[in-house]
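The structure appears below as structure tokens.
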Amino acid sequence: HKTAQRICSKFSIHKTCRLHELSELQIQQISLELSNMKIETDLKREVINNIMHHRSIGTYKGKRHVMGYPVRGQRTKTNARTARKLNGRWIKKEGFSTLANSSNGVQLSNPTFISLPFFAQSRLFERLFPR
Amino acid sequence: GGMGVGKSALLLQTINYSLCKPWIVIYIPDAIKFVNSSYPYIKNKITNEFIQPTLSAEFLKQIKAVNAKLLQDITLTRDYKLNKHIVKNNSPVIELMNIGIKDTSCAPQAFEIFLDEIGKNVNYPVLLAVDVINAFYTATDYTDVDDTYLEPDRLSLSRTILDYFSGKRDFTYGAVIGALSQCHKPYISKPLNIALGLVMPSPWKHYPQNLLNYAVGLQRFDVPNYSQTEAKGVLDYYCDGSSILQ
């Protein structure tokens, strides 16, 4: 991620610069640049909207987010810890109220996924024997 | 020479010999700090170069501290105007340096004028000694406005020193000497090694022509490994100084 480096290069700020060494003009230029970018809540909203969009049109990516599995084709036999921790947290937060309006996608009114047996979805083995 | 063979130590001995002569000595102990993005830099929109005001001021201060006695005898050959300051003809060079040290915005200009005036003087020869000279022949850590790494000839201070090494600028009486260093891998310069004949250039690779141009005309001086008598002398010195237990 090189956004910070790109902004510093644009205003000729060297890599070991401290905040108190910045001039007023440089601080104003940085604030102007940041106000023109999409950051903080706007960016977060855009990310959530993108995930919800996948969910609502019923793509593979949306389903992976719902289940909390890796989305980008990584292995799930072992090592899917980060995906389990981080994927799908927006979907769980928003609840499933958006699904009432979704067009022909998979209609999930409850967290279980139809083709898997119940005990696989609840991940009983991992709860009883955590690593 | 190889690592640890004594290139920096030999350079220090040269500098000490020149100081005793007396010569005016301009010594850069580590050229890496000029190019590793640790000092502020400002773009000069007219010349498209970057100046380093605080580094220039600090460098002038160091030169003044070493050579104060000799510099008092050298006077300027004409009037100079630096931003709001004016330095008159026949005033000592030290006055110019003081302006550069106090006002960092005119330090780069003051440094260029200082080198010009020093080069013209015939009373004392000038020695420009740079350790880790290969840092001036590699891409710097500073970035341009469009986030590309700057070449050393885009920084005014580095370009000035490279001009002296390539022969574009000269001292009337003086010498320019540099020591390579292999300690910092990112700053090992292929163009410089090719120009000095240390490495054969590959016909399939492209080397930056501007850096090769700055390395033309450099004379190579090899520092050989320690001979047996030299090694014995060094160990005797350490034993006498009780650094090593006998």
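The values are calculated or read from the model by the stated rules, or taken from the named source; none is laboratory data. Quick caveat, the model's predicted, so the values are computed rather than measured. Methodologically, a virtual Cβ is constructed for each residue, glycine included, from the backbone with ideal geometry; neighbour enumeration extends over all protein chains shown. Keep in mind that these areas ignore ligands, DNA and RNA; they rest on the heavy atoms of the full protein, side chains included. Shrake-Rupley method; radii C 1.70, N 1.55, O 1.52, S 1.80 Å.
Take B:A175 and tell me if it is within 30 Å of B:V122 (Cβ to Cβ), buried (at least 16 other Cβ atoms within 10 Å of the Cβ) and not polar (S, T, N, Q). Spell out how you get there, then give the answer.
Details: within 30 Å of B:V122 (Cβ to Cβ): yes; buried (at least 16 other Cβ atoms within 10 Å of the Cβ): no; not polar (S, T, N, Q): yes.
So B:A175 fails the test.
Return the only residue of B:T75, B:T54 being among the hydroxyl-bearing types (S, T, Y), touching a Phe, Trp or Tyr at 6+ places or on another chain (Cβ under 9 Å) and open to solvent by 40 Å² or more (accessible area, probe 1.4 Å).
On the way: B:T75 fails: touching a Phe, Trp or Tyr at 6+ places or on another chain (Cβ under 9 Å).
After ruling out the rest, the residue left standing is B:T54.
Restricting to the stretch A:48-96, count the residues that are in contact (Cβ under 8 Å) with a residue 24 or more places away in the chain and open to solvent by 80 Å² or more (accessible area, probe 1.4 Å).
Summing the residues that are in contact (Cβ under 8 Å) with a residue 24 or more places away in the chain and open to solvent by 80 Å² or more (accessible area, probe 1.4 Å) in the stretch A:48-96 gives 2.
A quick yes/no check of all residues on (1) away from chain A (no Cβ under 14 Å); (2) of a type in the set (F, W, Y); (3) in contact (Cβ under 8 Å) with a residue 40 or more places away in the chain:
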| residue | (1), (2), (3) |
| --- | --- |
| B:A9 | yes, no, no |
| B:D30 | yes, no, yes |
| B:K43 | no, no, yes |
| B:I51 | no, no, yes |
| B:T54 | no, no, yes |
| B:L60 | yes, no, yes |
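Condition first: part of a loop (DSSP other than H, G, I, E, B), within 14 Å of chain A (Cβ to nearest Cβ) and not aliphatic (A, V, I, L, M). Now tell me which residues in the stretch B:141-197 satisfy that.
B:D141, B:Y142, B:D144, B:D146, B:D147, B:T148
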